[in-house]
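The values are calculated or read from the model by the stated rules, or taken from the named source; none is laboratory data. Owing to the predicted nature of the structure, the values given are computational and were not obtained by experimental measurement. All Cβ positions, glycine included, derive from the backbone under ideal geometry; neighbour counts span all protein chains shown.
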Amino acid sequence: MYFNPRPPFASATEAWLDAARLLRDNGPTYGLILHVTKPMLITPTDDAVISEVDQFLRANKSFPIATVANTIFPKQLYGTSGADALYERYRKIFPRIKHAVPDWGRYFERMINWPNGNEKPINQLDVLIEKLKASGPDGKIFRPNMFEVALYDPARDRNKFRGRQCLSLLEFKPERTASGGVLHMTAIYRSHYYVAKALGNFIGLGQLLAFVAREAGLNGGSLTVHSTYAELDRGITDANKNAKAWGITEARSLVDRCLVLSQQAAAA
């Protein structure tokens, strides 16, 4: 079945664990839709689950959760200096990122440096934030349906079969509420690896939403993730990193351990 929405959860980690359990039991799934009401929330139980997944990834020489999250939003570069300082810091270190991992980890770069022919590259996040200020809940004219960030680029991606971006589109929806303007976000994935990438992706998406909302003068709202294809992946063997793919049994065991951690916390 192509349409597989899951119940809403407060935290991204809770939503990830529920979906990972589904993938453990049913295998690869189409149209997996998650909804997180408080995407920046990380409970002590969430911390334990995140640590368990992170240890598994590090043991297999895969990218740690923080590294995956940083591909979407490099939180440590943001600090308290504002958006312009963040963009400048990221541009300065991007050549090192590109050298270290030639064809991965460039979501944020695409957000702030979209090719524009012979013209200056487009900073999609800057455009988004300025549009939200002008036409969001606090603007003179409220337009709730004109805010998105593209990640898929036909010019660069149409002929790739490996190493393509998995995140295709970010769509933002401002809402007027009695307590002020709220910003929600939907992320569309063409494919989603739930062991190596999804949990880090969700954390990064929550941080990105919080950043855009703050810079636009709004409150952070909910996160919806639509993975049009999702699976418990088996990792990738990479001799250069001494990384070795894990088996489906190991992936399922990881989910089992995370479920035990969650159940123990609920019983405490």
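Annotations
- Counting only residues that are part of a helix (DSSP H, G or I), touching a residue at least 12 places away in the same chain (Cβ under 8 Å) and not aliphatic (A, V, I, L, M), segment 24-53 holds 5 of them.
- Complete set of residues in segment 22-47 that are crowded, with 17+ Cβ neighbours inside 10 Å, over 17 Å from the mean Cα position of the chain (by Cα) and over 12 Å from SER227 (Cβ atoms): ARG24, THR45
- The lone exception for PRO7 - which of (1) in a loop (DSSP other than H, G, I, E, B); (2) surrounded by 15 or more Cβ atoms within 10 Å (Cβ to Cβ) it fails: (2)
- Of all residues in segment 118-145, those that are aliphatic (A, V, I, L, M) have Cβ atoms under 7 Å from Cβ atoms of residues that are exposed (fewer than 15 other Cβ atoms within 10 Å of the Cβ), 6 or more apart or on another chain, in ILE122/ASN116.
- Residue among VAL212, VAL195 that alone is over 21 Å from GLU109 (Cα atoms), buried (at least 22 other Cβ atoms within 10 Å of the Cβ) and modelled with pLDDT of 95 or more: VAL195
- Total residues in segment 215-265, condition among the hydroxyl-bearing types (Ser, Thr, Tyr) and modelled with pLDDT under 95: 1
- Residue check for SER227: crowded, with 24+ Cβ neighbours inside 10 Å, among the polar types (S, T, N, Q) and over 16 Å from THR71 (Cβ atoms): yes
- Residue pairs whose Cβ atoms lie under 6 Å apart, sitting 6 or more positions apart in sequence or on different chains, and linking a residue in segment 69-80 that is over 19 Å from VAL53 (Cα atoms) to a partner that is of a type in the set (Lys, Arg) and surrounded by fewer than 19 Cβ atoms within 10 Å (Cβ to Cβ), are LEU77/ARG89.
- Restricting ASN123, ASN118, ASN145 to residues that are surrounded by 14 or more Cβ atoms within 10 Å (Cβ to Cβ), out of contact with any His (no Cβ under 7 Å at 6 or more places or on another chain) and over 23 Å from SER62 (Cα atoms) narrows the list to ASN123.
- Selection within segment 133-174: residues that are within 25 Å of the chain's Cα centre (by Cα), of a type in the set (Asp, Glu) and at pLDDT below 95. The member of this set that is nearest to ASP238 (Cα to Cα) is ASP157.
- Residue that is nearest to the chain's Cα centre (by Cα) [pool: residues in segment 87-132 that are of a type in the set (Asp, Glu) and over 20 Å from GLN207 (Cβ atoms)]: ASP103
- Any hit, segment 168-175, residues being hydroxyl-bearing (Ser, Thr, Tyr) and in a loop (DSSP other than H, G, I, E, B): no
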